[in-house]
Structures are given as structure tokens and as C-alpha cells.
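Undergrad: There's a structure below that I have some questions on.
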Amino acid sequence: MDTAIAAPSAAPAGRSGIVPTGKNGSPMIENVTFEEIRIGQQASLSRRLTMSDIELFATVSGDLNPSHVDEDYAVDHKVVGHGMWSGSLISAVLGTLLPGPGTVYVGQDLRFERPVLLGDIVTVTVTAKSKNAERKTVVFDCLCINQDGRTVATGVAEVIAPTEKVCRAAAELPQVQVIRHDGHELMLKKCESLPPVPTAVVHPCDESSLRGAVEAAEANLIDPVLVGPESKIRSVADAHGLDISRYRIVDVAHSHASAETGVRLARTGECEAVMKGSLHTDELMGEVVKKETGLRTGRRLSHVFVMNVPTYPRPLLITDAAINIYPTLEDKVSIVQNAIDLAKVLGTEVPRVAILSAVETINTKIASTLEAAALCKMADRGQITGGILDGPLAFDNAISREAAITKGIKSEVAGQADILLVPDLEAGNMLAKQLSFLAHADAAGIVLGARVPIILTSRADNVRTRLASCAVAVLSAAARRRGAAPAAE
């Protein structure tokens, strides 16, 4: 938090602020009563302005004025910037240092002289100017300066000072975390210079699936070919105010024909991606995996969740949580290779793959630990390429450097994994949903290993998730076009 506190000066009759800890080890906070305050007495506090401060201030106050939350705007337009943040620091000094606990704020008159910019260190000093014995009020001169000694704000503040001495344990504030959802936005930004991908949208016959296709088209991610009963598609569009006049519709009788036709459009090259509509996943994938007419390659099909977790410094790929229920060792070779290829497409030069299990040592009674060892050796021998593999690793060791160090694990992967290879679908599905609902992660999903990327959407997906899944498909299709991603034939 980069905060420094200076105790009040010139206080022969009283002291305030943070004082030695109490019996339970917590810091104590003590005030200066009205009778103890002397004219000229001072207290100061210094703090560096961080991005978290800016975002939390805007979140709590609802103040989205760009002069307060956008540093470039503040400088370009010569406006005050985060001046109000300086004002809040004055309140903090008066409420915690001088006079301290029991103080009632009456009013203030402040003038903000210059912007407070990201990284600036502001020092706030309040000086007792006058006292009113009848009302028990004190007027303080207030001065805020930055790290260069330049004045940020000046003014006066009036408070009702406490009359009773208070010395108590300081309140333990809750830990506050700023949850940002900009990981998906970065992925979408990479697609801005790419043409929309012709995409067979298979049986978009409910609002969720049709709206998802329209939103992705409006975001210039896909050029949808709507495959399904035309009358039903148009009826859904009319009922929910969706404009589909610009999009091609391939009229077929039912969901099975929609799956068959959508796969054929991808197989013949008319479409470069397939997007699931309102039909069941098994119905679509059944057509995808057909030997003669489907989209199979030499790879096993697998699903990858691209998770942007606010508490993790990089995108986290989880595989497989949707297609392969109990994958064999041979299946996992394809599953991990698919994920490595996708991670490279998304910008990770040498993806680190953590092969998860319940423990980080090989145990003959736990099959996933044996398979982890085999996969690592296969990578050593060039049977899996493009990434660094390690395992078995428990989840904590895979994503926490501290946990790995505590357990004495020396690894290029531990604590900084880009890809988590889970033992089976159940483990992967639970892990992905836990990250989404407990860690506020954003997820995007895609099926790999086919001739084209396959976007599996869900009715529960929000707009951000739908668009991000399409963005992954766009980046994957673009990489195949330029030969930067293997065709997995």
C-alpha cells in the first residue's frame, strides 16, 4: 500500500496515531482530545497513488470522470486528475492521527492545484490553526505536496474534536482485491486486424445461440452462415429483435441435417470454423468425428478452456474438460499437443505444461502419476513438441511458486504453468467451474484436433465468454491460414 505515517509534532500534552501493539499483537490507535490539542500541532501521512487506488476510488464513489480515472486525459486536458484522492487522505489524517478516533468532520474548503498522477507520492500535513472551546471544534490548515515538493492541494478543514481519550486496537480492514476482466479484451484486440472468419453456425434455433452468432458478427469476428430450418431461424430473430438480413441461411429440415451440413461446409472449405447452436453437443460432434464425411485428423479431438483468472498473471489453459471423459495415455498425447499449439497461437512462445494429479510424486496406485511420468519422457524424446512438460504436479505446485519452493520442487513449470493437463473430464470440469465461480475467472472454450476450430457455446455463457470463444477460433484459423499452426492431419 506504500503508506508512511508521521506522528503529530509539538504535542506535549497528548499524542495520537499508531502506537505500540496491544496484548493480542494488533496495533493500537490513540487520539488527541480537544484539551490536548495545541495550536501549531501537526500530523502527516504519505502515500503512493497506485492503479488499485484509482480503480477502488472510482468503484466506491461511482466517480467515472476521466479527469480522475484516465491519466492521459488528465494531462492532455490540463485538468485536476486525482485531486479528490488527495482530499480523502486529509480525512484519513484527521480521523486516525490528529485528532484521531472520535473526530467528527464538520466541513472543508480545499483547492486542488495540480494533478496527482499514477505513481506520485503525496504527503498530507494538517496543522491546528484555531480552537473553539464552546463548540469543541478545531480548524486545521491542510497542505498536500508531491514527491517533488510541489503543492497538490491546500485548504482548511473543521472538525469536532473528541473530548474523551481513546486508545484501542485499530480495526482490521478486509483484504480488498480489484477484479479486472481485461484478459479477454486483450484477446479480442488481437483480432481487430484480422478478417472475420466464415463460420458455419449449426442450428441456431433459440435466442441464446442466434444472438451469440449475431454478436460475434457485429464484433467483426465471424461471417456467419446460419445452418438450420430457415423459418424457425427467422421466427427466433423476429421474436427477439435480431437483424439477420445480412447473413446467409442454409435451409435444412432439422438439427441432424444442420450438423451434417455445417460439417460439410467446413470440410469443403466454405467455412473455416464451426459454431454450435441449440442442438445437443453429441449430435454435432457425432458428425465431426465421422471417418469419411467428418472433420477428423490424425489427432484426438480435445477441448481447451482459455481461462483469464484475475489472481493469475497469464492466461491459463485447462484441458480436457468437455470431450474426453477418461482419456488414455495415447489420448493425452494429442490433448497436450493440441493445447501447446493453441497456447503458441495465443502468444506463448514456449508453453509450460503442468500434468496434474493429487500428488507431486509417482505413486503406482495413482494412474495419473504414471501417465505424467510417461508424457514427460515422451516430450524428452520429441513425441510431444513445442512446450515444457512436468508432472505429476498437484494444483498448488503448478500455479504457486511459493508452494513449489516449500515442497522443494525444482522445475521450469512449477508455479508458472501456462497449461494444466487434468487427469480426466470430471477433474477438469470441476476445476474450470471453480475458477469461474470462486475466482471470478473469465472462460473461453474451443475444440481442437479437427480440420477447423469448433466453438462450443452454452446458454449460460455471457456475451464476453461467447465473443472470447470466437476470438480464440479467429486466431486459430488465422494461424492455420498463414501456416503458423499445424493442421494436425
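The numbers here are math on the coordinates, done by the rules we state, and not lab data. Everything numeric here is computed off the predicted structure, so don't read it as measured data. A quick note on method: Cβ atoms are made from the backbone with ideal geometry, for glycine too, and the neighbour counts reach across all protein chains shown.
Undergrad: Quick check on segment 90-242: take the gyration tensor over C-alpha atoms, sort the square-rooted eigenvalues as a ≥ b ≥ c, and tell me if it's rounded (a/c under 1.5), prolate or oblate.
TA: Numbers: a/c = 4.19, a/b = 2.98, b/c = 1.41.
Since a/c reaches 1.5 and a/b is larger than b/c, the shape of segment 90-242 is classed as prolate.
Undergrad: Could you please report the charge total around Ser235, scoring K, R as +1 and D, E as -1 over all other residues with beta-carbon less than 12 angstrom from its beta-carbon? Show your work: numbers first, answer last.
TA: On the way: positive: Lys232, Arg234; negative: Asp206, Glu207, Glu230, Asp238.
Once all neighbours under 12 Å are counted, the net charge is -2.
Undergrad: Which net charge results for the neighbourhood of Gln434, defined as the other residues with beta-carbon distances under 15 angstrom from its beta-carbon, given Lys and Arg at +1 and Asp and Glu at -1?
TA: Working: positive: Lys433; negative: Asp396, Glu426, Asp442.
The answer is -2.
Undergrad: Compute the distance in nm between two label points, each set 7 Å from the Cα along the Cα-to-Cβ direction, one at Val289 and one at Lys131.
TA: Output for this residue pair reads 8.4 nm.
Undergrad: Can you give the FRET efficiency for Met28 and Thr163, using 1/(1 + (r/R0)^6), R0 = 25 Å, r = Cβ-Cβ distance, to the nearest 0.05?
TA: Values: r = 20 Å, r/R0 = 0.79.
The value I calculate is 0.80.
Undergrad: Continuing with this model, one more query. Measure up Lys332/Lys365; Lys189/Lys290; Lys290/Lys365; Lys189/Lys291; Lys190/Lys377; Lys129/Lys165 against 28 Å on the Cα-Cα distance and list the ones that go over.
TA: Details: Lys332/Lys365 19 Å; Lys189/Lys290 35 Å; Lys290/Lys365 36 Å; Lys189/Lys291 37 Å; Lys190/Lys377 35 Å; Lys129/Lys165 21 Å.
Flagged as over cut-off: Lys189/Lys290; Lys290/Lys365; Lys189/Lys291; Lys190/Lys377.
Undergrad: Which angle from 0 to 90°, rounded to the nearest 10, does the C-alpha axis of helix 51-61 make with the longest principal axis of the chain?
TA: 80
Undergrad: Relative to the first principal axis of the alpha-carbon coordinates of the chain, what is the inclination of helix 329-345, with its axis defined by its Cα atoms, in degrees from 0 to 90 and to the nearest 10?
TA: Here the helix axis deviates by roughly 60 degrees.
Undergrad: Further, regarding this structure: Starting from the Cα gyration tensor of segment 348-401, take the square roots of the eigenvalues, sort them a ≥ b ≥ c, and report rounded, prolate or oblate (rounded when a/c is under 1.5, otherwise prolate if a/b is larger than b/c, else oblate). Provide the component values of the computation, followed by the final result.
TA: Values: a/c = 3.32, a/b = 1.24, b/c = 2.68.
Taking the square roots of the gyration eigenvalues as a ≥ b ≥ c, segment 348-401 is oblate.
Undergrad: Here's something else I'd like to know. With a cut-off of at most 15 other beta carbons within 10 Å, and DSSP calling the residue loop, which trypsin sites (Lys or Arg not before Pro) in segment 264-343 qualify? Please list them. Mind showing how you got there, number by number?
TA: Details: sites: Arg264, Arg267, Lys276, Lys290, Lys291, Arg296, Arg299, Arg300, Lys332; in loops: Lys290, Lys291, Arg296, Arg299, Arg300.
Filter output for segment 264-343: Lys290, Lys291.
Undergrad: Where the only charges are on Cβ atoms (+1 Lys, Arg; -1 Asp, Glu), what is the dipole of the chain about its Cα centre, to the nearest 20 debye? Kindly include the intermediate steps, with their values, before the conclusion.
TA: Details: 49 positive and 57 negative charges, 133 e Å.
In total the dipole reaches around 640 debye.
Undergrad: Between segment 307-328 and segment 199-237, how far is it from one alpha carbon centroid to the other, in angstrom?
TA: Answer, in whole Å: 27.
Undergrad: Count the net charge of all other residues whose Cβ sits under 14 Å from the Cβ of Val288, scoring Lys and Arg as +1 and Asp and Glu as -1. The partial results should precede the final answer.
TA: Details: positive: Arg264, Arg267, Lys276, Lys290, Lys291, Arg296, Arg299, Arg300, Arg451; negative: Glu260, Asp282, Glu283, Glu287, Glu292.
Result for the neighbourhood of Val288: +4.
Undergrad: What shape does segment 210-306 have by the C-alpha gyration tensor, where a ≥ b ≥ c are the square roots of the eigenvalues, rounded means a/c under 1.5, and otherwise prolate means a/b greater than b/c and oblate the rest?
TA: On the way: a/c = 1.96, a/b = 1.55, b/c = 1.26.
The shape class here is prolate.
Undergrad: While we're looking at this one, here's another question. Grab the alpha carbons of segment 247-362, take their convex hull, and tell me the volume per residue in Å³.
TA: 170
Undergrad: Using +1 at the C-beta of Lys and Arg and -1 at the C-beta of Asp and Glu, which of Ile388, Val452, Pro423 has the Cα lying farthest in the positive direction of the dipole of segment 362-487?
TA: Farthest along the dipole direction, towards plus: Val452.
Undergrad: If you project the alpha carbons of segment 317-472 onto the principal axes, what extent comes out on each, in Å, largest first?
TA: 42, 34, 30
Undergrad: Pairs of alpha-carbon atoms within less than 8 angstrom and 6+ residues apart define the contacts here; what relative contact order does the chain have, in percent? Provide the component values of the computation, followed by the final result.
TA: Working: 1067 pairs, mean separation 61.7, N = 489.
This gives 13 percent for the chain.
Undergrad: If you don't mind, another one. So which trypsin sites (Lys or Arg not before Pro) in segment 89-167 end up in coil per DSSP with only 15 or fewer other C-beta atoms within 10 Å? Display every interim value, and only then the final one.
TA: Working: sites: Arg111, Lys129, Lys131, Arg135, Lys136, Arg150, Lys165; in loops: Arg135, Lys136, Arg150, Lys165.
Answer in residue order: Arg135, Arg150, Lys165.
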